[in-house]
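What follows is a single structure, written as C-alpha cells, with notes after it.
Only the coordinates and a few stated rules stand behind these numbers; no lab work does. Bear in mind the structure is a predicted one, so any value in this text is a computation, not a measurement. With ideal geometry, Cβ positions are generated from the backbone for all residues, glycine too; neighbour counts draw on all protein chains shown.
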Amino acid sequence: MKKSNIEKKESHFFWNGRAGFGQAAGSRDLIAKELEIEAISKYIFDGMRVLDAGCGNGITAIEIAKKYNVNIVGFDFSEEMIKAAKALSSSTKLKGTIDYHVIDIT
Ligand SMILES: C[S@@+](CC[C@H](N)C(=O)[O-])C[C@H]1O[C@@H](n2cnc3c(N)ncnc32)[C@H](O)[C@@H]1O
C-alpha cells in the first residue's frame, strides 16, 4: 500500500474515533474554537451560501446557522462525524439550513 493511502486510512480511523466527543470532537481547545467561530461569523451575512470543508460534527456550521439565515453545505470524509453532525443539527433550532455529505476532499 502506498504511504499516502496508509496515512489517509489512519487519519480516517482517527477522526471516526473522535466523532463521539461532542464539542471537543474537532479540537480539545474550546476557547480557540469559540474565537474561530467568532472570527468566521464576521464574514457571514444572511442569504449567503457557505461551504464547510471538513465540517466534522458540524459544530461550526451549526453555530453559524443558528445566527444567520444561510444555506450551508458541510462535508467530511468521516462517516461517523457526518452521523454526529446530522444528529446535532436535528436537535438544534436553526435560522438557516445545513446539508451534510460524506466526501473526501482529496
Ligand atoms: C480539526 S477537525 C475540524 C472539524 C470542524 N471543522 C470543527 O471546526 O470542529 C478536521 C476535520 O477534517 C476532516 N478531514 C480530514 N481529512 C479530510 C479529507 N481528506 N476529506 C474530508 N474531510 C477530512 C476530519 O474528519 C475532521 O472532521
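Some observations on this one:
- Taking chymotrypsin sites (Phe, Trp or Tyr not before Pro) as exposed when their DSSP state is a loop state and no more than 15 other Cβ atoms lie within 10 Å, the longest site-free interval of the chain runs over 46-106.
- Using only side-chain charges placed at the Cβ, +1 for Lys and Arg and -1 for Asp and Glu, the dipole size of the chain relative to its Cα centre rounds to 100 debye.
- Residues 51, 94 arranged by fewest to most Cβ contacts within 10 Å: 51, 94
- GNM result for the chain, Cα springs below 10 Å: residue of 11, 91, 78 fluctuating most strongly: 91
- GNM flexibility winner over the chain from 76, 29, 52 (Cα, springs under 10 Å): 29
- Under 14 Å, Cβ to Cβ, from residue 95 - net charge with Lys/Arg +1 and Asp/Glu -1: +1
- Of 44, 64, 31, the residue with the greatest mean-square motion in the GNM of the chain, using alpha carbon springs below 10 Å, is 31.
- R0 of 25 Å, Cβ-Cβ distance residue 9-residue 71: FRET efficiency to nearest 0.05: 0.15
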